[in-house]
Structure formats: C-alpha cells, structure tokens
Amino acid sequence: MARPSKTRGFTRRRASGIVAVEFALLLPVLIAIALPVVDIARNIQAQSILINVSREGANLSSRASLTYPMQTIMSSLAATTPPLSMNTHGMIYITEIIGNDSCDAQGNGCTGVVVAQYRWTGGNYAPASKIWNCGSSGSSWATDGSGGCANLPGVGSSSPAVTLLKGKLSNGQIAYAVESFYQQSQIVGSLDLGGGFVTPSLSPNLYAMTVF
C-alpha cells in the first residue's frame, strides 16, 4: 500500500530540518578552518615579496651603490611591493660589511665590520636591524635625508663587528646585506572555539635578508 503523500512531505521536511541543523552546527567549524587559510595565503604572498626585495636589493647595492644613492635604490625596491603597503607597514635596511684584518695566515677567522648602514626614509614602520643597530659606537642616523648612519668609525679595531659572514670575508672584501621588514595585519588571528581550544595565530612580523 502506497504511503500517503502527506507523510512523504513530512519526512522530506524533517530531513531538510536535520540538514539545516547539522549545517548550522558545522558552519562555525568550517569558518574557523577556512579563514586562517586566508591569513596563511596572505603571509606567504607577503613573505615572497620581501624575499624578492632583499634579493634584488642586495644585487642592486653591489652593482649600483656608486652610481645611485641608497635611498633611490630602496625607494625603487619599495615601488615593486604592491599589494603590500611598505610606506605604512614596511622597512628596508642596507648594511655594507667589509672583512677586516683579523684573518690568520690561512685566511681564517675574518670578522666583518660595518662601514655603512642605510634605512629607507619612506617607511613609517621602524623595527631595528637584525644585523647591527645604528646608534652604537658613537654613531647616529643622519638628518640630511640620506638615511645613512653617521659618525661610523673607519675600518679598524674600533669598527662595529658583526657575526654575519664571520669567517666568510677575506680582508677588504665587501658585502651588502639587505633586510626587508613588513608588519602584516591578520584578518582572523586566533579563534576561541570553546572548550579550551584556541586556534594558533600567525606572527604579524615578517622578515627577509639577503647578502651579496
């Protein structure tokens, strides 16, 4: 005997209601999974851009530092970073390092010393360089718009030594280290899903460094 159509309609409505309840319960979980993926993708994109900035900056610094001011080089690099807002959330440092005369007869133990450092004047985000900070060894940032570190001592025993490239530079060999920083705002951050379960949040502070 066929089931009355009224009963079949009721069964379909009940099934639809169950599906709607299940979807409502699962929706927060799906959102909690999907939204952090957006932050991850944005961070990957930003990190890739910073890596390109540091690589190209180190290349340009080694080839064009005697032709163009460092500010011109850094501003040109910053112009290649959209969709990142380097003016608001970014910074670029260029540090010139030279091998000093502390090498032994076999060329071992050479320590690099800082002979120049520049920071981009177009950025409003000002993290400290991870290589060396201008302001020590009697130095200070210049006020002439060059973005350079003034009053650095000449190469010698009083020069600020850095651990970067220690044992890698021979006496008088020059290298340029370019650092790019970016403070990435997170769309989601961490989420409290209840029950003591909190999703991890990504670090907003992104960094890349290349030496050439």
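The values are calculated or read from the model by the stated rules, or taken from the named source; none is laboratory data. Please read these numbers as outputs of a predicted model, since none were measured by experiment. As a convention, Cβ positions derive from the backbone with ideal geometry for all residues, glycine included, and neighbour counts pool all protein chains shown.
Of the residues that make up the range 70-89, is at least one in contact with a Cys (Cβ under 8 Å, 6 or more places away or on another chain) and part of a loop (DSSP other than H, G, I, E, B)?
no
Got at least one residue in the range 26-39 being surrounded by 10 or more Cβ atoms within 10 Å (Cβ to Cβ), closer than 30 Å to N171 by Cα and either at pLDDT 85 or above or in contact with a Lys or Arg (Cβ under 9 Å, 6 or more places away or on another chain) (or both)?
Within the range 26-39, none of the residues are surrounded by 10 or more Cβ atoms within 10 Å (Cβ to Cβ), closer than 30 Å to N171 by Cα and either at pLDDT 85 or above or in contact with a Lys or Arg (Cβ under 9 Å, 6 or more places away or on another chain) (or both).
State which residue pairs qualify: first residue exposed (fewer than 15 other Cβ atoms within 10 Å of the Cβ) and inside the range 48-73, second residue modelled with pLDDT of 95 or more in any location, beta carbons under 7 Å apart, and separation of 6 or more residues or different chains.
Once the first residue is exposed (fewer than 15 other Cβ atoms within 10 Å of the Cβ) and sits in the range 48-73, its partners that are modelled with pLDDT of 95 or more give A64/I73.
So how many residues does the range 131-161 have that are surrounded by 14 or more Cβ atoms within 10 Å (Cβ to Cβ) and closer than 23 Å to G90 by Cβ?
Counting residues in the range 131-161 that are surrounded by 14 or more Cβ atoms within 10 Å (Cβ to Cβ) and closer than 23 Å to G90 by Cβ gives 10.
Which one is modelled with the highest pLDDT, of the residues in the range 148-187 that are among the hydroxyl-bearing types (S, T, Y) and more than 28 Å from N87 (Cα to Cα)?
Here the answer is T163.
Mind counting the residues in the range 148-183 that are assigned to a loop (DSSP other than H, G, I, E, B) and in contact with a Pro (Cβ under 9 Å, 6 or more places away or on another chain)?
Residues meeting the conditions: 4.
Here are some residues: R42, R3, R14. Which one is basic (K, R), surrounded by 16 or more Cβ atoms within 10 Å (Cβ to Cβ) and modelled with pLDDT under 95?
R42
For the range 130-147, give me the residue count where each residue is in a loop (DSSP other than H, G, I, E, B) and modelled with pLDDT under 85.
Final tally of qualifying residues: 1.
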